[in-house]
Amino acid sequence: RRPPIVNKTVLTVDDSRTMRDMLRLALTDADYSVIQAVDGVHALEVLQGAQPDVIITDINMPNLDGFGLIEGVRRTDRHRLVPILVLTTESDADKKQRARAGGATGWI
């Protein structure tokens, strides 16, 4: 068994309850702390009181999509360097480029 990950927190952002639950289960099983948001607006609110080590976000969400979230996070001094991974079923090269240009670290 691997040693536990100490004090590593992941913010997951997805409007799908199923995806949030799946991510929470997988990440907590891997000894991460997980905080969750239902869309980009909610995520930016959560980030006012949290300092995650990584953010995993969907692209297609109501209120504020993943692109808007990425740009919003990158505009803040506090979270500017936090890695952001995009987890989506989207495979369009233009969308990947848009996410990278906005500041996403990777695409899953």
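Per residue, how large is the accessible surface of the chain? Use a 1.4 angstrom probe and give square angstrom.
57 Å²
Volume per residue, Å³, of the convex hull around the alpha-carbon atoms of the chain?
Numbers: hull volume 10.6 nm³, N = 108.
Output value, Cα hull per residue: 98 Å³.
Give me the net charge for the shell around Val34: Cβ to Cβ below 13 angstrom, other residues only, Lys and Arg +1, Asp and Glu -1.
-2
How much net charge surrounds Val10 when only the other residues with a Cβ under 15 Å from the Cβ of Val10 are counted, with Lys and Arg +1 and Asp and Glu -1?
My count for the surroundings of Val10 gives -3.
What dipole magnitude, in Debye to the nearest 20, does the chain give about its Cα centre under +1 on Lys/Arg Cβ and -1 on Asp/Glu Cβ?
My answer is approximately 400 debye.
Helix-derived [θ] at 222 nm for the chain: sum -39500 (n - 2.57) over DSSP H runs of at least 4, divide by residue count, nearest 500?
The per-residue figure over the chain is -11000 deg cm²/dmol.
Counting only protein heavy atoms, what percent of the accessible surface of the chain is carbon or sulfur at a 1.4 Å probe?
52 percent
Heads up, I need the accessible area for Glu71: 1.4 angstrom probe, whole protein in place, Å², nearest 10.
Per-residue accessible area (Glu71): approximately 80 Å².
Of Asp29, Asp65, Asp15, which is the most mobile in a GNM of the chain whose springs link Cα atoms less than 10 angstrom apart?
Asp29
The values are calculated or read from the model by the stated rules, or taken from the named source; none is laboratory data. The structure presented is a predicted model; accordingly, all values stated were derived computationally and were not measured. Virtual Cβ from ideal backbone geometry, glycine too; neighbours counted across all protein chains shown. To get the accessible areas, we keep the full protein, side chains included, count just its heavy atoms, and leave off ligands, DNA and RNA. Shrake-Rupley method; radii C 1.70, N 1.55, O 1.52, S 1.80 Å.
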